[in-house]
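Colleague: Below is the structure I would like to discuss, written out as C-alpha cells.
The values are calculated or read from the model by the stated rules, or taken from the named source; none is laboratory data. This is a predicted model, so every value here is computed, not measured. Cβ placement follows ideal geometry from the backbone for every residue including glycine, while neighbour counts extend to all protein chains displayed.
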C-alpha cells in the first residue's frame, strides 16, 4: 500500500502522464510529484527509457498503453494524436484511490470511477484543438484544401472528446493564469493556479554578463525560432541557440555567422549559458515557459512575446522586455531598446523565487491533502 505524505491514511496512487520522450517541462513536474509520492505507480501512453539515461527519471517503471507496441512509435507518436483518446482510456487505474494526471493533451481523460479522486495538473488544454488550432494547421502546413478539411474534422472530434473527458477530473490545477483562462473557456471548469517548479538554486548569476543573447527551446514550428534567427541576422548580434527538433535544419540553413546552433545540450551547459548570457530571447506563446523562469533565476533579462506565461514571469522594463508581435521586426525593435537599457541581476533573481521548487512542493502537497481527504 502507498502512503500519502502528510495525510496519515493509506491511499494507493497512480500518476498519469502522456508521452515520456524527453526531459522537458512536464517531465520535470513528474520528477517533483514522484519525489513527493515515491511509491506511486506511473502510467503513460508511451515511454522511451533510453532518452532518460542520466536524468532523474532514468530508473522509473512505467505502465504504457497499446501505442507502445506500434513499430517505430518513437518517431511516430506525435502523428498518432487521433488515437490518443482511445489509448489514454485503455490505461487501467481502477484499483487506485487517488489518480494524479499531468496533462497537456489527453492525460486528464484517463477513465476513473466515482469512488476515486482525480486531480489533474494542466499545462494546457490541448492547444491544437482549442486556442492554437489555426496556428497548428498553418505551421504544420495542414491548411491546404483537402488536408485542411480532414485535419479540421479530426480536431473538432478531439474537441468533443476533450470536453467530455474533462468531466472525469474532480479538481484542476492550472500552471498559470493564462492556462486557467483556457480551462474555463474550453471546459467551463474552474482551476487553482499553481506555477510549476523551477530549480532556482541551480543558477548563479555571473558578476559580469557576456556579450551574447541566448535561446533555449524545442525547435518545433509553434516556437517560431526561424523568426528569432531572422531578427539576429538583421541585428548582427551574437546569438546562441540551444535545443533540438524538426526546425533545426531550417535554422542551420538560414543562420548567419553571428549565430551558433548548438543543438541539444545537458543541463550543466544550459545553466552556464544562462548564468552568463546578456539576455534570453523568446517568441512563442507559452502557457507558462519554464526556460524563461530559469533564465530569470540566473539573473538573465528576458526579451519575450507579451502574451501567455511570459507576461506572468517577466516584469516589463524591470526584469526584461515584452514585445507586441510575433515577428522578427518586433524582436529587432525590442533588442535595440534593450541595448540602451540597464537591468539589475539581483532584482531579476529575486523575481524568480516565486517559482521555486519548495514553493511548488508545499502548494501541491496541501492541495492533494485537501482533495484526498474527501476520498
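Colleague: Test residue 89 against the stated conditions and say whether it is under 26 Å from residue 157 (Cα atoms), modelled with pLDDT of 95 or more and not in a strand (DSSP E or B).
Modeller: Values: under 26 Å from residue 157 (Cα atoms): yes; modelled with pLDDT of 95 or more: yes; not in a strand (DSSP E or B): yes.
Yes.
Colleague: Of (1) surrounded by 14 or more Cβ atoms within 10 Å (Cβ to Cβ); (2) touching a strand residue (DSSP E or B) at 6+ places or on another chain (Cβ under 7 Å); (3) over 17 Å from residue 216 (Cβ atoms); (4) assigned by TED's automatic domain parsing to the domain that holds residue 271, residue 368 satisfies all except one. Which?
Modeller: Exception for residue 368: condition (4).
Colleague: So, one more: How many residues does region 15-43 contain that are closer than 19 Å to residue 68 by Cα, crowded, with 19+ Cβ neighbours inside 10 Å and in contact (Cβ under 8 Å) with a residue 40 or more places away in the chain?
Modeller: 7
Colleague: Something else: Which pairs do you get when a residue that is surrounded by fewer than 18 Cβ atoms within 10 Å (Cβ to Cβ), found in region 342-355, comes within reach of a residue that is assigned to a helix (DSSP H, G or I), reach meaning Cβ atoms under 9 angstrom, with the pair 6+ apart or on two chains?
Modeller: That search, which allows pairs on different chains as well, returns 353/200; 353/297; 353/359; 354/293; 354/313.
Colleague: Does region 331-375 hold any residues that are assigned to a loop (DSSP other than H, G, I, E, B) and closer than 30 Å to residue 120 by Cβ, and which are they? Even if it seems obvious, please write down each step before you answer.
Modeller: Initial filter on region 331-375 (assigned to a loop (DSSP other than H, G, I, E, B)): 339-344, 373-375.
The answer is 373, 374, 375.
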